[in-house]
1. Check whether at least one residue in the stretch 21-41 is at pLDDT 80 or above, part of a strand (DSSP E or B) and in contact with an Asp or Glu (Cβ under 6 Å, 6 or more places away or on another chain), and report yes or no.
2. Of all residues in the stretch 45-63, count the ones that are modelled with pLDDT of 90 or more, in a helix (DSSP H, G or I) and either under 16 Å from Tyr34 (Cβ atoms) or within 15 Å of the chain's Cα centre (by Cα) (or both).
3. Take the residues in the stretch 1-19 that are surrounded by 13 or more Cβ atoms within 10 Å (Cβ to Cβ) and touching a Lys or Arg at 6+ places or on another chain (Cβ under 8 Å); name whichever of them is nearest to Ile54 (Cα to Cα).
Amino acid sequence: MYYKIILETGHMGAGKGLERVQYCQGKDILSMFYKAHDFPRVKRKEHRRGILQIEQISRLEYERGLRRLGHSSGSGYDLI
């Protein structure tokens, strides 16, 4: 399954951050939640509140998202 994850990232102080999107593959939404928790630069890791949204998407949307980010495979970040 393919997922689009929106994260709050950055080390700019309390209440300041950037929303970024990452495209990933995983077996279910719960495993993506825990995987996203370990991504670099995610804010508020101790309370798991830096993960703003996880959405299941089609393979076509996943591939388009990776191309938009400039990745041929794997996953990456982009400002939204």
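The values are calculated or read from the model by the stated rules, or taken from the named source; none is laboratory data. Everything quoted here is computed from the prediction, not taken from an experiment. Virtual Cβ from ideal backbone geometry, glycine too; neighbours counted across all protein chains shown.
1. Yes: one or more hits.
2. 3
3. Taking the stretch 1-19 first, the residues surrounded by 13 or more Cβ atoms within 10 Å (Cβ to Cβ) are 1-10, 17-19.
From what is left, the residues that are touching a Lys or Arg at 6+ places or on another chain (Cβ under 8 Å) are 1-2, 6-10, 17.
Values: Met1: 12, Tyr2: 10, Ile6: 6, Leu7: 9, Glu8: 12, Thr9: 15, Gly10: 19, Gly17: 18 Å.
Across the stretch 1-19, the extreme among qualifying residues is Ile6.
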